[in-house]
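A short reminder: the numbers here are calculations on the coordinates, not readings from a lab. In this text the structure is predicted, and so the values were computed from the model without any measurement. Ideal geometry is used to build each Cβ from the backbone, glycine not excepted, and the neighbour counts take in all protein chains shown.
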Amino acid sequence: MRVLIVVIVGLFALPLWAVAAVDTIPEEHAVEQYPSKMGVVTFNHALHAALRTNSCETCHHAHQPGEPFQVCSDCHRHQMRQMEDGGEVPKTSKAFHLRCRGCHEYTVQELHKPAGPTKCKLCHIKVTD
């Protein structure tokens with residue numbers, strides 16, 4: 001239930017700006033790959049930006065207008081850490097699972113629209129030699 005609330009707030013609480021996001025994503029960030037113990041996760045950044053169902057700030061939730069966008073790992077590290085106000089910044093893997101899988105699940109279950117994978121092995125692809 002908590003994940004659903006986080007996803008709903010993440011999707012609808014932020015203002016929606018008309019941003020030409022596809023044009024603003026640097027080419028080297030159009031497709032990102034994240035290594036993990038379970039296999040490489042490939043994230044099509046350009047595809048998500050082209051969906052225009054939300055703003056860049058939905059995922060880049062700490063972004064300040066006029067500042068460059070930060071990569072997730074600038075704030076989300078491999079270990080959970082405390083913020084000055086007593087809140088917690090989840091580690092990278094937890095943040096991705098909450099944001100990405102949570103949004104995909106919400107889109108399928110609540111909006112009845114197709115979305116990305118929600119099962120581990122559909123995102124985490126083992127590389128075989």
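The trypsin sites (Lys or Arg not before Pro) of region 93-129 that meet both conditions, a loop assignment by DSSP and at most 12 other Cβ atoms within 10 Å of the site Cβ, are LYS119, LYS126. Label positions at GLU32 and GLU67, each projected 7 Å from the Cα along the C-beta direction, are separated by 1.6 nm. Ordering VAL71, VAL41, VAL31, VAL89 from the fewest to the most neighbouring beta carbons within 10 Å gives VAL71, VAL31, VAL89, VAL41.
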